[in-house]
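Every number in this text was worked out from the coordinates using simple rules, so none of it is lab data. Note that the structure is predicted; figures quoted are calculated from it, not measured. Here the Cβ positions follow ideal geometry from the backbone for every residue, glycine too, while neighbour counts run over all protein chains shown.
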Amino acid sequence: MAWRIHDSVLRGEIDNRQRGFVRGKVWLNGHAEPVVLDLKGNACADLAGCLLTFENPGETIPMRTDARFDPLQRGTIGDLTASRKVRVPDVPFEEFFALRKAGQPAPEHMANCLYLEWFSDANGRVVIESHEFKLTISPPAWRLTPEEEQHRQQDAAEGFSGFVQKLSDTLEAVKHEPPEDKEWDEFDYEKFMREADARTDKYGELLDKYMDHPDRDRIIAKEMGWTWLEEALDDEDERQRRRKEAQTPGEGAESGEAEDEADEGEAKASAGEDDDPFDVDEMNRICAEAAEEPLVPDPLTEGVDWVRDEEGDVSHPLSLRVFNSSLDLWRRCKDLGLGKADDDDLCRLISDFQTTGAKLAGALDSLAYGRDVTEGPFIVARLKRALNYLHAAEAALERVTPKNLLPADLVASTRAELFAVREEILRLMEEFRGQK
């Protein structure tokens, strides 16, 4: 995964006044000394030949103490620009998200964004991205020629391709292909989820890089090896071409229409009257129908496999317990004037405890609709993941305790709660190990 360090950036400087080299420093919250950049390549046209200084006016988060981010960043430049276009909400994010979720217009505007990307020999892809930093850009000492810009784009593309290749190698290394007739156990599911993690990492990086590219879907399909999607996109392009030909006035229009009708008729015959696999209206209709008929939890297992929270949503008792406990801990810390930015170990305690609840929800919440919905070994494998985060939270609590950040009673109650949750996870793992 790429290192996205903008939340920890205090200030920095990027110097491309010498052709072919980008040097600079970045001051990070949690690092006593600035990170030094010594990179080959040139910035994009708006920053090429310039000295850029930037400052983060907002609140920052300390870099994790266990983050192995090399203080000397050597490597090559990706895209360095201060004019990347991004959409910025005009209302608080929670309100913006609620409006989008409700299908209502959400006010936003386009803004220039600072986007600094490089490929480090030590850390791989590193990105600093923000539309909120205060920037100062010197007059250019030189400007890119058309040939240099072409070379710059090629170098940036090769840098990202090399990064993606490393992700592909990781995915290939964890690929799990057991015999087709093998009955999977928890260890098979653990390997399967590691493969899924690697695939998700690769897809996420590709989506981040090519989100606004006109050929995004085709590029991602090729990089992911999704030949079925490439073929579907080819078919869609061909249908669009035939439609345009049929709509073109003049000689050959009638034959084009006949050809298009024949093509559509063949598609309908083979696809059950659905000639467009990317019909958004049809997808929305299916989703709306599913929302109108939500799944109903089994009334016989209420209180054991599911309960309702204050808003009436269905959750497993343990996942709801951890959600509430982690929220209570966060609120107690807030009342004490402590936030995640105040101490790295406290941040890890709260974050890992919250993540434990999310992992438990993924493992257990589907039990509300029947124990035959998910196989037992799969549940055990997912509970193991939750347990890993719980253990990390326990370790973080022991590092926080001698710092005297939290009162003794809160430390004691949190330790007892973490231990009790651990015992319940172990009990559930043992229970589902006997379920096929």
Mind checking which helices in the chain clear 20 Å along their axis (Cα) and have mean Kyte-Doolittle hydropathy of -0.5 or more, DSSP H runs only? 317-335, 344-364, 376-400, 408-433
Within region 23-108, trypsin sites (Lys or Arg not before Pro) in DSSP loop having at most 12 other beta-carbon neighbours inside 10 Å: ARG68
Could you identify which residue out of ALA111, ALA156, ALA102 has the top mean-square fluctuation in a GNM of the chain using Cα springs shorter than 10 Å? ALA102
For region 93-207, with only Lys/Arg (+1) and Asp/Glu (-1) charged at the beta-carbon, what is the dipole magnitude about the Cα centre, in debye rounded to 20? 640
Please identify the trypsin sites (Lys or Arg not before Pro) of region 176-228 that satisfy two criteria: DSSP loop assignment and at most 14 other Cβ atoms within 10 Å. Which are they? LYS182
Which pairs break 23 Å Cα to Cα here: LYS202/LYS359; LYS40/LYS166; LYS25/LYS334; LYS175/LYS202; LYS175/LYS222; LYS222/LYS384? LYS25/LYS334; LYS222/LYS384
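Once you have the Cα-Cα distance between PHE97 and ILE286, take 0.36 nm times their residue separation minus that, and quote the gain in nm to one decimal.
Gain on stretching PHE97 to ILE286: 65.8 nm.
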Modelling each spin label as a point 7 Å along the Cα-to-Cβ direction, I'd like the LYS175/ASP372 distance in nm, to one decimal. 3.5
For LYS85, which lysines qualify as cross-link partners when the Cα separation must be under 17 Å and same-chain residues fewer than eight apart are set aside? LYS134, LYS209
GNM on the chain, C-alpha springs below 10 Å: top fluctuator among PRO92, PRO294, PRO139? PRO92
Return the FRET efficiency for the residue pair THR65, ASN388: r is the Cβ-Cβ distance, R0 is 22 Å, and the value is rounded to the nearest 0.05. 0.70
Give me the net charge for the shell around ASN56: Cβ to Cβ below 10 angstrom, other residues only, Lys and Arg +1, Asp and Glu -1. -2
Neighbour-count ranking [beta-carbon atoms within 10 angstrom, fewest first] of HIS151, HIS6: HIS151, HIS6
Cα lying deepest toward the dipole's positive end in the chain, options LEU171, LEU410, LEU426, charges on Cβ: LEU410
To the nearest 20 debye, what charge dipole does the chain have about its Cα centre, counting +1 at the Cβ of each Lys and Arg and -1 at the Cβ of each Asp and Glu? 3060
